[in-house]
Structure formats: C-alpha cells, structure tokens
Amino acid sequence: MSIKTIATTPFTDQKPGTSGLRKKVTVFQSAHYLENFVQAIFDTISAPAGSTLVLGGDGRYYNREAIQIILKMATANGFGKVLVGQGGILSTPAASAVIRKYSTYGGIILSASHNPGGPDGDFGIKYNTANGGPAPEKITEAIYARSKTLTSYKLIEAPDMALDQPGSFTLGEMQVEVIDPVADYAELMESLFDFAAIRALLGGGFRLCFGAMHAVTGPYAREILERRLGAPNGSVINGVPLPDFGGGHPDPNLTYAHELVEIMYGAEAPDFGAASDGDGDRNMILGRKFFVNPSDSLAIIAANAALAPGYAAGLAGVARSMPTSAAADRVAAKLGIPCYETPTGWKFFGNLMDAGKVTLCGEESFGTGSSHVREKDGLWAVLFWLNILAKRGLPVEEIVYRHWAEYGRNVYSRHDYEGLPSDAANALMAHLKAQFEALPGQRFGSYQVKFCDDFSYTDPIDGSLSTGQGLRIGFEDGSRIVFRLSGTGTEGATLRIYLEAFEPDPAKHGEDAQQALAELILIANELSELKLRTGREQPTVIT
Ligand code: G1P
Ligand code: ZN
C-alpha cells in the first residue's frame, strides 16, 4: 500500500477550545477538514516511528467514518500500532485509562462531549498525551499554529477496516488492535472501590437508576452496575449508544436528563439516581427527590474518600476549577491538605496530578475525577457515591445535610445563557471589565464589593501562565459572582454566570438555592446589563 500525499489548503478556524476542536458535523465532513486537523496533530506531536496510539470516540454521528480516516493517516504517518475501541467506541475516561495502562504515546478521542449529535449536531476531536490527559495549552496552541500553515496531509489508500470484533489486523505497516472498550476500565474501577460492599447494598433492596442518555456510558454502566455489581437489569436506562443520542442533548443536568429527573422525583423513586454525558466523563448525582450540586459532590467525596479502598491511604490534595464553589476548600482545610484553584477545563489538573500534588479534582460542570486517570470520570463518581452509601448506610440527602452541618453550606448556582450573538456577549464582558476600577467598595443591597479581577493562573509545576479565565466579583462576606464565556460551544456564545454565597446556619440549609441567591442574581444581571444587552429574561439552563 502506498502512502499518498494530498495537497490541501489550511483552515483558519481549527483552534481547540476548552476541550479539543468542536464543530458542526457538516464542517468536519467538508473536504480535508478532519484530515488537516489530524495532520496538524501528528506534525505537532512528532511521535517517534513505531509509536502506539489509542483511538476511540463516543459513538456519535461521523465517529465511524472519522476513525477509518484517522487509521489510514496514522499508518501513513509512521505509527506502529493503534489500539482502537471495538466499534470505534471508547469513553473519554476509558481512553485515558487505556493510554496509561499500555503506556502509549498518546490518544485521539472523538467526541463533542455533551453537545448534541447527529447529522446536524456537533463533532469533536481531541488529543491526549502519554499521561492520559488532554494535551496542555502549549500543545493545542502548536496544533492550531500548524493547522494554519500546512499544505498537505498523508494517508494510505485502503479499504475500511472491520472494527466490530476484537482482534488484531494490519493496515500498511501498522498493527490495528481492536480492544474491548469496557474491560480495562471495569478492572480499574474494581481496584478502587469496595465492590463487595456495593453488591451487598444493591442486594439489600437499595434501588438505583442510571441514565446513560443513549451515549457512550451505556455499555460501561451495564457491565459494571448490572453485571458485576448485581443491580437488576433495567437499572440502566437509555443504555444503547445511538449516533444522535436518540435526539437528546446528552448532558447530565436537571434540564437535559429530564427522564431520569422525572423518575427520581416521581412516586416510586429509587434511592439513587445518576447520569453521564455523551463521552462518559460527566456525572449528575441524585437522591430520592434530591439533587446533589456537583461542587458539593466533590467536597463530599473528598470528606468520605477514606471509605473507598483506593483512597484509604489518604489524599495528597484536591483541586477545583475557579468557578467551582469553595466547598472542597473547607474539606481540604479540615484534612490539612492543599486545595488548588485552576482555570476551567480538565487540562489544568493534569500537571498537579502528575506531580503527585492532588488526588481528587472537580468542576462545577458535573465533572469529578481523580488521579486514577487524567480525565474527569462519570461512572467513577457514581461508584464513589455508591461506595460511600454502602459504607454509611444513610440516604443521599442525609449525607449532604450532615456534610453541610459540619462544614457549612456553599450555596451555589450556575446560570447559562446559550446561543447569544457573540458580539453581544463580548460587549457584555467588556462592559463588566470597564467597571472593575470603580466597583471595589461599592455597596449593592446587602453586599459590598471587595475585589474584581480577570482570573489568571500560573501553573505551579511548569510556570505557564493562562490569562482571561473569567471575571470575578468578590464581596466582603465571601460571596462572589463569576462571569465566563464558554469555550466549548459551536454556535454563537454561551455566557455562564456562577453565583456563590456561604451559609453557616444549619437552620437555613434547606433553603432553595435560587431563593438564597436571589439578591446576588439581581446584582449580576444589573452589573452586566444582561437584559439590555442580550434581550434574555431567563437563563437557558440553571444548575
Ligand atoms: C465546559 C465546562 C467546563 C468543562 C468543559 C468540558 O466548558 O464549563 O467546566 O471542563 O465544558 O467538559 P465551557 O463550555 O464552560 O468552556
Ligand atoms: Zn464530556
């Protein structure tokens, strides 16, 4: 088979966002678009000849086609071996686990995470390095730079490969090993959690419902929750991955995971509910008629970590993204371990984990994980909760209330305004920034502004600086409002407003977050001239 060099012209818009390059499927389908980006990755990482790559995706529309193209390009670019998930499937955390287990040079994950799929939906591609984590900014920036200059890409001409059965094949000089996408991951989970205790819990009448949202976690959840842990068949709902996620929006939040939410708030609600997103790295945790805020979930996992065998030796430290509530900070303080505050996006946790500084990390955006891989991990969080529930023998709600009673409650909410015109969103951010000098000291109702800044972060391990990571307005009593524009959307702009207040009084812990934050919400809307600038009365999604 001969290697072909195909002439191409560069695209100017292949800049990876918070988590890889995401575009409409139709954009990826346009001539040379995917190929250019893949070649830019290969040129940038310059893997030694014969290196091994991991390849898989969340099964969304165009996954299969993209895998075939990437295999043909990988062999033409001198890779020696590709481990590809059967049927082209690998969840993001499973891909990270496989990269680490087999010490591969890196991996390519095809996913647009929680964004809708299908012919009119989104597609995405990201590169993960040898530690199993998303490529750091210096690599993604270099890939972007390369994408703007390359003039050709390499591939071989060959028929498509059969990827639906495990086995080993050759493509040109390269070996293609089709692996079971679940096995290595399931084995890793068994090494971290007390499966016997969870099995006993599930055997004792405790009922759970896991919503896989027709996305990649279905096969993982069925194998682990139903087959290995003995949850009755049917505990996993919407467990068959579909290229368009059944027409849904595979984002595990109260808005998009409504089927699960209805079950968990219904008359015969199970004891525990959970969901994961398109590529399996997010999680939502629910009790019976009870929502666990992801920031609280991170803090509760940290506080109870010693109950899981894989974490019984203690935590080196925890990390959270800046917009995530400070609930985890309180646990870290009590445990006497460091807590790091990083910019949004999982890539910032990698260095801290590689350096052994942190064991647990999390984001308010339904992402929690640990140093077992270098991605956030949806099912891992679900298993951690089940492990805690099995050991403590209390309902989800009770665990949360007891946590608040001990540490105080960081009342928290995120308001998303999706699909805004980019100009309006940028102008709103500029308007906020323009007030930064005048705001400190000003009083708004019961709140007085203490500081404002545009968050920047110097990585404590490699010294790299990331600027422009979100506008923060902090108040004298520790409450705060953060404004950020999403880096993962593909259409227009998404404005995220993060609101946080601290409530030490247990008598007030039952209050609804929106009510408790009502005054801060008004201040946020006023300071940003939200309605005037966006025409929106209400957020698209409230978390
Ligand atoms: C969003 C979340 C962020 C997460 C990322 C990838 O990014 O806010 O926490 O790491 O998705 O799952 P954003 O759209 O805000 O840039
Ligand atoms: Zn995801």
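Residue pairs, Cβ under 7 Å, 6 or more apart or interchain, first in segment 280-295 and closer than 13 Å to residue 270 by Cβ, second away from ligand 2 (no atom under 16 Å from the Cβ) and in a strand (DSSP E or B). List them.
285/292; 286/273; 286/292; 287/272
Only one residue in 324, 255 is farther than 18 Å from residue 217 by Cβ, in a loop (DSSP other than H, G, I, E, B) and open to solvent by less than 10 Å² (accessible area, probe 1.4 Å). Which one?
324
Kindly indicate the residue of segment 468-489 that is polar (S, T, N, Q) and within 20 Å of residue 342 (Cβ to Cβ) and also nearest to ligand 2 (Cβ to nearest atom) among those meeting that condition.
Narrowing segment 468-489 to residues polar (S, T, N, Q): 469, 479, 486, 488.
Of the ones still in play, those that are also within 20 Å of residue 342 (Cβ to Cβ) are 469, 486, 488.
Details: 469: 20, 486: 13, 488: 9 Å.
Selected residue: 488.
Tell me which residues, restricted to segment 391-422, are more than 18 Å from residue 509 (Cβ to Cβ) and of a type in the set (A, V, I, L, M).
Scanning segment 391-422 gives a single hit, 420.
Taking segment 344-398 on its own, how many of its residues are within 14 Å of ligand 1 (Cβ to nearest atom) and not charged (D, E, K, R)?
15
Search segment 93-139 for residues being open to solvent by 10 Å² or more (accessible area, probe 1.4 Å), more than 24 Å from residue 250 (Cα to Cα) and out of contact with any Gly (no Cβ under 8 Å at 6 or more places or on another chain), and hand back the single one that is nearest to ligand 1 (Cβ to nearest atom).
Step by step, filter segment 93-139, then rank; the result is 137.
State which residue is nearest to ligand 1 (Cβ to nearest atom) when the search covers only segment 263-282 and only residues that are among the hydrophobic types (A, V, I, L, M, F, W, C) and under 15 Å from residue 222 (Cα atoms).
This residue is 275.
For residue 461, all conditions in the list (1) out of contact with any helix residue (DSSP H, G or I) (no Cβ under 7 Å at 6 or more places or on another chain); (2) open to solvent by 40 Å² or more (accessible area, probe 1.4 Å) hold save one; what is the number of the exception?
So the condition that residue 461 fails would be (1).
Would you be able to say whether some residue in segment 284-303 is more than 16 Å from ligand 1 (Cβ to nearest atom), closer than 26 Å to residue 391 by Cβ, of a type in the set (Val, Ile, Thr) and in contact with a His (Cβ under 8 Å, 6 or more places away or on another chain)?
Yes; the residues of segment 284-303 include at least one that is more than 16 Å from ligand 1 (Cβ to nearest atom), closer than 26 Å to residue 391 by Cβ, of a type in the set (Val, Ile, Thr) and in contact with a His (Cβ under 8 Å, 6 or more places away or on another chain).
Among the residues of segment 369-392, what is the count of those that are outside any helix (DSSP H, G or I), of a type in the set (D, E, K, R) and more than 16 Å from ligand 2 (Cβ to nearest atom)?
0
Take residue 6 and tell me if it is within 16 Å of ligand 1 (Cβ to nearest atom) and not in a helix (DSSP H, G or I).
no
Looking only at residues that are in contact (Cβ under 8 Å) with a residue 40 or more places away in the chain, open to solvent by 10 Å² or more (accessible area, probe 1.4 Å) and away from ligand 2 (no atom under 16 Å from the Cβ) in segment 43-60, which one is nearest to residue 181 (Cα to Cα)? Steps first, please.
Step one: of segment 43-60, the residues in contact (Cβ under 8 Å) with a residue 40 or more places away in the chain are 43-45, 47-48, 51-60.
Subset that is open to solvent by 10 Å² or more (accessible area, probe 1.4 Å): 43-45, 47-48, 51-52, 59.
With the extra rule that they be away from ligand 2 (no atom under 16 Å from the Cβ), the set shrinks to 43-45, 47-48, 51-52.
On the way: 43: 27, 44: 27, 45: 25, 47: 24, 48: 26, 51: 20, 52: 17 Å.
Taking the candidates together, the pick is 52.
For segment 92-147, name all the residues that are among the hydroxyl-bearing types (Ser, Thr, Tyr) and more than 16 Å from ligand 2 (Cβ to nearest atom).
Hits for segment 92-147 are 102, 103, 104, 105, 129, 140, 144, 147.
Filter segment 41-61 down to residues that are at pLDDT 95 or above and over 24 Å from the mean Cα position of the chain (by Cα), then give me how many there are.
Final tally of qualifying residues: 9.
Please determine whether any residue of segment 330-343 is more than 24 Å from residue 250 (Cα to Cα), open to solvent by 40 Å² or more (accessible area, probe 1.4 Å), basic (Lys, Arg) and part of a loop (DSSP other than H, G, I, E, B).
Within segment 330-343, not a single residue is more than 24 Å from residue 250 (Cα to Cα), open to solvent by 40 Å² or more (accessible area, probe 1.4 Å), basic (Lys, Arg) and part of a loop (DSSP other than H, G, I, E, B).
Answer with yes or no whether residue 405 is surrounded by fewer than 22 Cβ atoms within 10 Å (Cβ to Cβ) and closer than 22 Å to residue 468 by Cα.
Details: surrounded by fewer than 22 Cβ atoms within 10 Å (Cβ to Cβ): yes; closer than 22 Å to residue 468 by Cα: no.
Spelling it out, it is not the case that residue 405 is surrounded by fewer than 22 Cβ atoms within 10 Å (Cβ to Cβ) and closer than 22 Å to residue 468 by Cα.
Kindly provide the set of residues from segment 269-302 that are within 16 Å of ligand 2 (Cβ to nearest atom), within 22 Å of residue 409 (Cα to Cα) and in a loop (DSSP other than H, G, I, E, B), ordered by number.
The answer is 283, and nothing else.
Of the residues that make up segment 202-211, is at least one in contact (Cβ under 8 Å) with a residue 12 or more places away in the chain, open to solvent by 70 Å² or more (accessible area, probe 1.4 Å) and in contact with a Pro (Cβ under 8 Å, 6 or more places away or on another chain)?
Yes, because at least one residue in segment 202-211 is in contact (Cβ under 8 Å) with a residue 12 or more places away in the chain, open to solvent by 70 Å² or more (accessible area, probe 1.4 Å) and in contact with a Pro (Cβ under 8 Å, 6 or more places away or on another chain).
Those residues that are of a type in the set (Val, Ile, Thr), more than 25 Å from residue 250 (Cβ to Cβ) and open to solvent by 10 Å² or more (accessible area, probe 1.4 Å), I need them from segment 74-92; list them, please.
Selection gives 75 alone.
State yes or no: is residue 440 closer than 25 Å to residue 349 by Cβ, in contact (Cβ under 8 Å) with a residue 12 or more places away in the chain and assigned to a loop (DSSP other than H, G, I, E, B)? Before you say what the answer is, go through the steps one by one.
Values: closer than 25 Å to residue 349 by Cβ: no; in contact (Cβ under 8 Å) with a residue 12 or more places away in the chain: yes; assigned to a loop (DSSP other than H, G, I, E, B): yes.
It is false that residue 440 is closer than 25 Å to residue 349 by Cβ, in contact (Cβ under 8 Å) with a residue 12 or more places away in the chain and assigned to a loop (DSSP other than H, G, I, E, B).
Condition test on residue 492, is it in contact with a strand residue (DSSP E or B) (Cβ under 7 Å, 6 or more places away or on another chain), small (Gly, Ala, Ser) and within 30 Å of residue 13 (Cα to Cα)?
yes
Given the structure, is residue 453 out of contact with any Ser or Thr (no Cβ under 6 Å at 6 or more places or on another chain), free of Cβ contacts under 8 Å to residues at least 60 places away in the same chain, surrounded by 12 or more Cβ atoms within 10 Å (Cβ to Cβ) and outside any strand (DSSP E or B)? First the steps, then the outcome.
On the way: out of contact with any Ser or Thr (no Cβ under 6 Å at 6 or more places or on another chain): yes; free of Cβ contacts under 8 Å to residues at least 60 places away in the same chain: yes; surrounded by 12 or more Cβ atoms within 10 Å (Cβ to Cβ): yes; outside any strand (DSSP E or B): no.
So residue 453 does not fit the description; no.
The values are calculated or read from the model by the stated rules, or taken from the named source; none is laboratory data. As the structure is a prediction and not an experimental result, all values here were calculated from the model. Every residue, glycine as well, gets a Cβ built from its backbone with ideal geometry; the counts of neighbours run over all protein chains shown. Surface areas here come from the heavy atoms of the whole protein model, side chains and all, with no ligands, DNA or RNA. Shrake-Rupley method; radii C 1.70, N 1.55, O 1.52, S 1.80 Å.
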